[in-house]
There are 6 protein chains.
Amino acid sequence: MRILLINPNTSQSVSDLIGSEARRAASASTQIEVVTAPFGVAYIETRFEALIGAYAGATLAAEHEARHDALVIAAFGDPGLAGIREAVDIPVLGLTESALMSACMLGSRFSIIAISRRITAWYRETVQANGLVDRLASIRCLNQPLRDIGAVQEDHESRLRELCLQAVEQDGADVLIIAGAPLAGLARSIRADIPVPLVDGVSSAVRHAETLIALAPGRARGGSYAPPPRKPNQGLSAPMQALLARERPPV
Amino acid sequence: MRILLINPNTSQSVSDLIGSEARRAASASTQIEVVTAPFGVAYIETRFEALIGAYAGATLAAEHEARHDALVIAAFGDPGLAGIREAVDIPVLGLTESALMSACMLGSRFSIIAISRRITAWYRETVQANGLVDRLASIRCLNQPLRDIGAVQEDHESRLRELCLQAVEQDGADVLIIAGAPLAGLARSIRADIPVPLVDGVSSAVRHAETLIALAPGRARGGSYAPPPRKPNQGLSAPMQALLARERPPV
Amino acid sequence: MRILLINPNTSQSVSDLIGSEARRAASASTQIEVVTAPFGVAYIETRFEALIGAYAGATLAAEHEARHDALVIAAFGDPGLAGIREAVDIPVLGLTESALMSACMLGSRFSIIAISRRITAWYRETVQANGLVDRLASIRCLNQPLRDIGAVQEDHESRLRELCLQAVEQDGADVLIIAGAPLAGLARSIRADIPVPLVDGVSSAVRHAETLIALAPGRARGGSYAPPPRKPNQGLSAPMQALLARERPPV
Amino acid sequence: MRILLINPNTSQSVSDLIGSEARRAASASTQIEVVTAPFGVAYIETRFEALIGAYAGATLAAEHEARHDALVIAAFGDPGLAGIREAVDIPVLGLTESALMSACMLGSRFSIIAISRRITAWYRETVQANGLVDRLASIRCLNQPLRDIGAVQEDHESRLRELCLQAVEQDGADVLIIAGAPLAGLARSIRADIPVPLVDGVSSAVRHAETLIALAPGRARGGSYAPPPRKPNQGLSAPMQALLARERPPV
Amino acid sequence: MRILLINPNTSQSVSDLIGSEARRAASASTQIEVVTAPFGVAYIETRFEALIGAYAGATLAAEHEARHDALVIAAFGDPGLAGIREAVDIPVLGLTESALMSACMLGSRFSIIAISRRITAWYRETVQANGLVDRLASIRCLNQPLRDIGAVQEDHESRLRELCLQAVEQDGADVLIIAGAPLAGLARSIRADIPVPLVDGVSSAVRHAETLIALAPGRARGGSYAPPPRKPNQGLSAPMQALLARERPPV
Amino acid sequence: MRILLINPNTSQSVSDLIGSEARRAASASTQIEVVTAPFGVAYIETRFEALIGAYAGATLAAEHEARHDALVIAAFGDPGLAGIREAVDIPVLGLTESALMSACMLGSRFSIIAISRRITAWYRETVQANGLVDRLASIRCLNQPLRDIGAVQEDHESRLRELCLQAVEQDGADVLIIAGAPLAGLARSIRADIPVPLVDGVSSAVRHAETLIALAPGRARGGSYAPPPRKPNQGLSAPMQALLARERPPV
């Protein structure tokens, strides 16, 4: 199986983190590739930045889809996920959605641990769009400027542990989701000290991608995830044009 | 007041419809301008097309904001609305959100009349993202291929009237929203024959834009609609870069 | 345009506040009139007092409707709003509903700043009846006896500012609604110091009333906001009787 | 125990129906009294009529409370219920709320059988205000003009049976609520032919009133159902004034 | 009337408490019997223990149903309630459901006072399954080890009073539910000192059981509470087998 | 990896179906074992039968846990899932939950295809308990007596295909869940003819079980999925007693 992770942020250091956590999580025979957004911002925290990342991710998806069996939109908040899922012919997963699915199989209510206060509104709306806000116990976050987006884990580990414990003891979380690509791998390293299961977006997405490939549930040709109907378009990249013009077999 | 309507579709004929309905609805002293997406698809019906339209709209917003007092994202479904609202310094409105606000002041439950079956999932999710799905009585739609996106009203008027009556009689709608820029103005022309208030997105958005300009509630410098924090970015258009780099006065 | 604001409280000082804020907010050509409930309580804080105010407001609406283009029920909590909307032939607006609509166009989640703890339950239920409780970040309130209902703003301005800041910093509000006719105008005077948009019920209602008059969406003759069916009644004021007996043209 | 049923409609024939069903349902030692609204409409179907009925009911509650152990607002839709509950010192019940409570103890989802299409919006909002709309399977209704509000049962019995069966077979109802004072007693007479439990508002309210009297849970002196704070009022009936002026012992 | 209370815990001391509170609450002519689970745990706090208690309760229900007019599952959390309601031919009530119904007739929002932190998740899910979580103001709980499950009231009365006051003052509760069979009777003894109505599960259930017997709404023969269809079974107790094999008259 | 599927029905033919679909779905190195409930009913359709199946499943889980890496409760409706998840030390999955998780990664709204009308209420409540009822487009079901629970697929294949198409075309489903162990494998055989992805509970559960084993998120020692606190118990099977008495390491 070949799985492509698309980092819709422009930070190569985050892509490296993602790639190494993805390879650790994948089955032995799975090949992992990571691509980084050619345009956009260093790390997405807001709706506007997510809008840019969604378009960057879509561009990369159109360009690389043909060589892979599944795509992962590798930013928590899942920018562009639902749209890209409509357009391409292979499974598309997101870090938030994947982490939520793992969490739901481990307990009733989950909390999310995040890297900045600003990012929490976007995360909350992502959980809401997944229809799972009633199971969200809380979102707890770092509240300090980040020196280096590739070094958040080292710089803030003890505060992150504290947030985890508060979510369990004060907010009633049964499971914790360590959110955001910059925290990929943290769940593994602090697991032993936290009294509830810890879920990570990257490893969840890679494993769930393998599952969707294996289950082969079929591509939507009807319903609202069928490919967009063909119609005039202009000004798009060649791969994007090709994607929109692709002929699909009828049901 | 100067209000810019941004058509995130690439169809000039739809921009013309939007512009003429907007001018009819605006106060005498308001100046209306319409711009059309330089890239994207002829008319947005799906999440993927909306993702493209959101980016096209954001690009236009960054380019033109400075000369206007408010922006309207002039496609039902409001592609990019929340993101653009964060980034620019003037009020930003959308056709769906504006129509929903008008409808909520006229009755308890509303139905939406739409131009294609495919578009309904996207509309439903937009209502949901506005937190108003419990007041949505139904979405009813045309279910035939559209000969010409600029001529939907003429081609399908009698079917559209039928859908309106069914929504009132069978679905319990107190108000009807005639959805989508291609139907701009239809509400006015069939109003006399429909037993409940009819709401149109373009005219609602223009009037609500005037209201927000007049009320001058203040620009968010805190909360989740403050401008995105400044950070490294790359590969963006010059106006987009300028927007992200703009210095704002502290509170 | 002629807009009548109906104060369902019996306090003339509050009517004066309402009138002056309404005139400040209205378009130049709009005429504002305010009437005060002839019976009821000095200011409504509870469901029982709202029940009385609803009837007082309905009586005034029946008496004065003919000379106006729109009515505003000028107490936060909107006593009698939905009922009066059914009965009269012109748009009817309420302070809460109008403020909610403004707030929804400025951010995702809003808080309400209120004048007493007792009043908060009624406000919460009003937001709930509008279907918007999932967007309510919090209600924060003064918790001291009010010396004079017409002087709440002067007496408590610094505490009100504090409540505003707490709602943004601790509760995640994107927008603040300054609630209650006795606080009409406060939003304007403290706006510069608060980091998110501030919304006021009176000015929102006046502007939205102008919008509904201009949009002319049509009067409901079907659905659940059609006028009540004619039937025997007794013991009502002459204008109320006339309203219930009025013949309306069929669709 | 002495229980007063307040008919907020002006129809004596409906009061008679209510009284006879209430006496049949009550425990042997309970005394039932019924009073009829001195002003208002013959039967309430709309929000505006409910607003009038709420005030009429409140007036009667203030006048008669002292001689009873519990009050029942005897119109489905419970006009004024929450407000009157705040003001008086004895338990206050409503037909809808009482029927909902009975239904919830008999199955998961219930349907409501109603006497007119117009009345259904008001009923739906009442269920919603009770927080139970997710358990509402459907509202089914007669859709013909009513010859005589006191004779609905005889005139429409076979259609009412049909509606009951449809709610079970097509809508998934586990329990049926026969709604509206004019249908008081119907549940008893058709019970044998309907495959699910049938609940009636009047008998439920009388029995639940006896329960609340017996349980003696205490009168609210705090929270949002404490009596309204004392404050200036004007233009109210003497009993209403006395009620608002009543001194209550502190906690 | 003969009402059987089934204690799905194995503690005889708790059965004694239940029995004495039930007898105090019942009408003079009602006969109360209590049976104790022959297998299971001393007191149920978790979903797994509730699963065991549900089966123990079902076994007792099958064995004893024939001699009674109604059953009460006498553990807060209502283990097995919905299932047993399907199977037997008489009304079945639960402590949580009954307390919720009482509370809903006394105010808008309620808090639950519980005996341990661990038990609160189960209670919350029970309220959720009743569809009433939007009216739940809070769950407050003791957070100390319990010396003796039959002596919780004496050991912790002053802390329990504190929790009650906090729920009113900090959480906005209009009504308090004293939860759990080990607290049966506490509501009565502290009522005078708490400013809102107090509801107890045992007394509510007994009174509501009398009501359902009196109302005689009919046994479900259709809908999802009809008896389970007859089909092969094995390994069940003789009374359980007899219950599943029972022939019921058609509608 | 060793995964145990627990059939809480007593039908060996259904266990055989489950086992063969599970082996087909599992990774090459995974060992699948299936055990059948020693007591209970042939196939669970109701809440009461699910209550019995939950206890039977719990008994089997206690007995067999030690030899496996994950358990699957192999009946749609997930009887006992949350309780067993608390008690044992390995991941526990259910067919419904697993199918829901797969479906949520393939589209926005899903429908469930079920084998009998009676079973649909239980399925609906299971979706509700998972917090996902807003994404449920519909439940469609066979409505004929089942000749043989092990032969439902052969007997009813064409009707099942019809139900699938109706769910897509009339109910707006993006994904279909083929529900119930007796339909295990049907998704695979009809996939080519249905225009949206088809999800099956058994194969989803097996793959998700492998994922949870691989992710190793940690066992809950706090929160509401920690093991039940040790306390007196009686009358339980030896493995169940051992499970409840097991000593766990502190955090």
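Please treat every number below as a calculation from the coordinates, not as lab data. Quantities reported herein were computed from a predicted structural model and do not represent experimental measurements. Every residue, glycine among them, receives a Cβ derived from its backbone with ideal geometry; neighbour counts consider all protein chains shown.
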How far is helix E:12-25 tilted off the main Cα axis of chain E, in degrees rounded to 10, range 0 to 90? 90 degrees
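Just to be sure I follow: if Rg is taken over the C-alpha atoms of chain F and Rh is the Kirkwood radius over the same atoms, what is Rg/Rh? Don't skip to the answer; put the middle values down first.
Details: Rg = 17.8 Å, Rh = 18.4 Å.
Result for chain F is an Rg/Rh of 0.97.
Given a cut-off of under 8 Å on Cα pairs at least six residues apart, what relative contact order in percent is computed for segment F:97-200?
Numbers: 157 pairs, mean separation 36.6, N = 104.
Once normalised by length, the contact order is 35 percent.
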Using the Cα atoms of segment D:58-100 to build a convex hull, what is its mean projected area in square nanometres? 2.7 nm²
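How crowded by other chains is F:81-90, given as the mean number of beta carbons from other chains within 10 Å of each beta carbon? Please list the in-between numbers first.
Details: counts 3, 10, 10, 3, 7, 10, 6, 1, 0, 0.
What the average comes to for F:81-90 is 5.
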Give, rounded to the nearest 20 debye, the magnitude of the charge dipole that the protein assembly as shown has about its Cα centre when Lys and Arg contribute +1 at Cβ and Asp and Glu contribute -1 at Cβ. 0 debye
Could you name the residue in chain A with the C-beta closest to the rotation axis that superposes chain A on chain E, along with the separation in whole Å? A:Asp134, 6
Taking a point 7 Å out from Cα toward Cβ as the label site, list the nm distances between B:Ala151 and the same residue in every other copy, smallest first. 6.0, 6.0, 6.5, 7.2, 9.1
With an 8 Å cut-off on Cα pairs and a minimum separation of 6 or more residues, tell me the relative contact order of chain F in percent. 23 percent
P(r), alpha carbons of segment B:85-142 - 5 Å bins starting at zero, rounded %: 4, 17, 27, 24, 15, 8, 5, 1
In nm to one decimal, list the spacings between the F:Gln241 label point and its equivalents in the other copies, with label points set 7 Å along Cα to Cβ, shortest first. 2.6, 7.7, 7.7, 7.8, 8.4
Positive-end residue of F:Gly180, F:Ile6, F:Leu236, charge dipole of chain F with Cβ unit charges: F:Leu236
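How far, in nm, would the chain grow between F:Phe39 and F:Ala238 when pulled straight, counting 0.36 nm per residue and subtracting the alpha carbon separation?
My answer for the length gained is 70.0 nm.
In debye, nearest 20, what is the charge dipole magnitude of segment B:97-201 about its Cα centre with +1 on Lys and Arg Cβ and -1 on Asp and Glu Cβ, if you could check?
Working: 11 positive and 13 negative charges, 28 e Å.
Here segment B:97-201 has a charge dipole of around 140 debye.
As a test, work out the antiparallel percent of DSSP beta bridges whose residues both lie in the protein assembly as shown, rounded to the nearest 5. Present the calculation step by step, with values, prior to reporting the outcome.
On the way: 12 of 162 bridges.
Taking every DSSP beta bridge with both residues in the protein assembly as shown, the antiparallel ones total about 5 percent.
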Histogram of C-alpha separations across the protein assembly as shown, 10 Å bin width, %: 1, 8, 16, 21, 22, 18, 10, 3, 0
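Would you compute, from DSSP H runs of 4+ residues alone, the mean residue ellipticity of chain B at 222 nm, taking -39500 (n - 2.57) per run and dividing by the full residue count, rounded to the nearest 500? Provide the component values of the computation, followed by the final result.
On the way: 9 runs with 108 residues, N = 251.
So the calculated ellipticity at 222 nm is -13500 deg cm²/dmol.
Please state the charge dipole magnitude for chain A, taken about the Cα centre, from unit charges on C-beta atoms (+1 on K and R, -1 on D and E), reported in debye and rounded to the nearest 20.
For chain A, the charge dipole is close to 540 debye.
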For chain E, take the longest principal axis of its alpha carbons; what is the angle in degrees between that and the long axis of helix E:201-215, to the nearest 10 within 0 to 90? 40 degrees
Given bins 5 angstrom wide, list per bin the percent of all Cα-Cα distances in segment D:97-201, short to long. 2, 14, 26, 28, 19, 9, 2, 0
Decide, for segment F:45-130, between rounded, prolate and oblate: order the square roots of the alpha carbon gyration tensor eigenvalues as a ≥ b ≥ c, take rounded if a/c falls under 1.5, and otherwise choose prolate if a/b is larger than b/c, else oblate. oblate
0 to 90° range, to nearest 10: angle between helix B:152-171 axis and chain B longest Cα axis: 80 degrees
Teacher prompt: C:Met1 distances to equivalent labels in other copies, 7 Å Cα→Cβ, nm: 1.0, 5.4, 5.9, 5.9, 6.3
